[in-house]
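Below is the structure I would like to discuss, written out as structure tokens.
The values are calculated or read from the model by the stated rules, or taken from the named source; none is laboratory data. Because the structure is predicted, anything quoted here is derived from the model rather than measured. Here the Cβ positions follow ideal geometry from the backbone for every residue, glycine too, while neighbour counts run over all protein chains shown.
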């Protein structure tokens with residue numbers, strides 16, 4: 001099969017969907033791989049590295065004209081126009097974007113959105129959300145440290161003692177847990193909160209204190225268990241109690257990192273403007289939910305702004321700031337997913353009885369296969 005690896009065209013997207021490591025495996029399986037010239041440069045992979053493992057360097061049209069196209073982000077109209085009817089596309093295609101799904105279906109391609117894979121043990125090796133969120137959580141702490149005008153660790157010097165930074169992390173999924181681990185390595189004092197009580201042990205094992213919001217009803221306890229590894233929207237009474245507790249902790253914090261996301265929904269508000277108004281001057285908020293409306297209403301997507309003396313960071317693609325490793329992990333996710341849809345003769349086989357394949361399939365034969 002002819003596999004194409006185009007360069008990502010979205011502004012700020014530095015990742016690439018295949019690395020020399022995975023291209024070498026595709027070539028060994030008998031595939032022909034065309035990599036657009038410059039596709040990996042922003043991820044520290046020159047064209048020569050792809051050529052050394054058997055890929056051919058070509059144009060965008062040649063990469064997008066392949067039978068199987070591997071991308072990081074969903075194609076725009078110009079890219080879709082260069083894809084062949086009947087071709088297969090694999091990438092992070094935003095499965096909740098109905099308009100995009102309709103556009104892809106209209107071109108007659110078969111498209112798989114890897115973010116839609118179920119959060120099961122079998123799907124872990126192809127879980128792009130986890131692999132990229134892990135990087136985002138790490139980078140969020142480094143970005144916060146960059147904007148924070150004091151040391152992170154406690155330092156005892158001849159000129160006096162510097163207190164350790166206090167970090168509050170809201171949401172303890174993959175990104176939040178990595179943020180805890182990274183902030184701990186930098187010597188910060190950390191507190192973390194999450195809807196799901198089951199993550200308390202994980203939070204404490206990484207050296208953070210769990211901010212516990214009590215549950216008053218069985219309904220609250222049930223909802224808090226989440227579904228598919230994600231949190232669910234909590235009742236208003238619990239959200240009010242959480243907001244009060246977060247408000248108190250945020251006033252003591254130097255850095256707040258928010259990571260709460262609910263697939264297909266606007267991000268929940270965890271840090272209100274009234275709280276930001278009372279935070280310490282020079283405090284830093286890194287909002288990992290900026291692309292979905294933000295966990296703080298003052299966050300501006302893709303911008304760093306100052307409000308009420310607090311710096312709010314709204315980067316929407318933190319993983320691209322660590323492009324080399326982000327690409328390496330993503331490329332492995334893609335490679336493992338393709339094992340499910342390519343048979344021994346290297347032909348596309350869509351087995352809808354496979355729960356992972358069925359969940360990721362967005363469109364085929366000109367028809368939508370996913371209802372949002």
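Restrict the check to region 255-275 and report whether at least one residue is at positive phi and loosely packed, with under 14 Cβ neighbours inside 10 Å. I'd like the intermediate steps shown before the answer.
The first filter runs over region 255-275 and keeps only residues at positive phi, leaving 264.
Next, from what is left, pick out any that are loosely packed, with under 14 Cβ neighbours inside 10 Å: 264.
For region 255-275, residues at positive phi and loosely packed, with under 14 Cβ neighbours inside 10 Å: present.
Does at least one position in region 92-105 carry a residue that is at pLDDT 95 or above, surrounded by 21 or more Cβ atoms within 10 Å (Cβ to Cβ) and within 17 Å of residue 367 (Cβ to Cβ)?
Yes, because at least one residue in region 92-105 is at pLDDT 95 or above, surrounded by 21 or more Cβ atoms within 10 Å (Cβ to Cβ) and within 17 Å of residue 367 (Cβ to Cβ).
Does any residue of region 325-346 turn out to be buried (at least 20 other Cβ atoms within 10 Å of the Cβ) and closer than 20 Å to residue 146 by Cβ?
Within region 325-346, one or more residues are buried (at least 20 other Cβ atoms within 10 Å of the Cβ) and closer than 20 Å to residue 146 by Cβ.
Restricting to region 11-40, count the residues that are within 19 Å of the chain's Cα centre (by Cα) and modelled with pLDDT under 95.
The qualifying residues number 2.
Here's a follow-up. If you scan region 8-35, which residues turn out to be surrounded by fewer than 20 Cβ atoms within 10 Å (Cβ to Cβ) and more than 19 Å from residue 337 (Cα to Cα)?
9, 10, 11, 12, 13
For region 175-197, check the following and say yes or no: at least one residue is over 30 Å from residue 328 (Cβ atoms) and part of a helix (DSSP H, G or I). Talk me through it step by step, then tell me what you get.
Initially, region 175-197 is screened for residues over 30 Å from residue 328 (Cβ atoms), giving 189, 191, 193, 195, 197.
If we keep only those that are part of a helix (DSSP H, G or I) too, we end up with 197.
Yes, region 175-197 has at least one match.
Considering only helices (runs of 4 or more DSSP H) fully contained in region 253-372, which possess at least 1 residues that are farther than 24 Å from residue 180 by Cα and free of Cβ contacts under 8 Å to residues at least 60 places away in the same chain?
273-278, 355-360
Report yes if residue 38 is surrounded by fewer than 16 Cβ atoms within 10 Å (Cβ to Cβ) and either closer than 22 Å to residue 336 by Cβ or in contact with a strand residue (DSSP E or B) (Cβ under 8 Å, 6 or more places away or on another chain) (or both), otherwise no.
Numbers: surrounded by fewer than 16 Cβ atoms within 10 Å (Cβ to Cβ): yes; either closer than 22 Å to residue 336 by Cβ or in contact with a strand residue (DSSP E or B) (Cβ under 8 Å, 6 or more places away or on another chain) (or both): no.
No: the conditions fail for residue 38.
Determine whether residue 165 is crowded, with 23+ Cβ neighbours inside 10 Å, closer than 18 Å to residue 323 by Cα and either in contact with a strand residue (DSSP E or B) (Cβ under 8 Å, 6 or more places away or on another chain) or touching a residue at least 12 places away in the same chain (Cβ under 8 Å) (or both). Can you show your working first?
Numbers: crowded, with 23+ Cβ neighbours inside 10 Å: yes; closer than 18 Å to residue 323 by Cα: no; either in contact with a strand residue (DSSP E or B) (Cβ under 8 Å, 6 or more places away or on another chain) or touching a residue at least 12 places away in the same chain (Cβ under 8 Å) (or both): yes.
So residue 165 fails the test.
Only one of (1) surrounded by fewer than 17 Cβ atoms within 10 Å (Cβ to Cβ); (2) within 21 Å of residue 70 (Cα to Cα) fails for residue 305. Which number is that?
(2)
Here's the yes/no breakdown for (1) under 23 Å from residue 265 (Cβ atoms); (2) surrounded by 15 or more Cβ atoms within 10 Å (Cβ to Cβ); (3) at pLDDT 95 or above:
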residue: 139; (1), (2), (3): no, yes, yes
residue: 143; (1), (2), (3): no, yes, yes
residue: 152; (1), (2), (3): no, yes, yes
residue: 160; (1), (2), (3): no, no, no
residue: 176; (1), (2), (3): yes, yes, yes
residue: 186; (1), (2), (3): no, yes, yes
residue: 189; (1), (2), (3): no, yes, yes
residue: 208; (1), (2), (3): no, yes, yes
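In region 138-154, which residues are assigned to a helix (DSSP H, G or I) and over 21 Å from residue 332 (Cβ atoms)? Working first, answer last.
From region 138-154, those assigned to a helix (DSSP H, G or I) are 138-147; that's our starting set.
Within region 138-154, 140, 141, 142, 143, 144, 145, 146, 147 meet the criteria.
Just to check your reading of the model, which residue among 184, 200, 139 is touching a residue at least 12 places away in the same chain (Cβ under 8 Å) and over 21 Å from residue 285 (Cβ atoms)?
200
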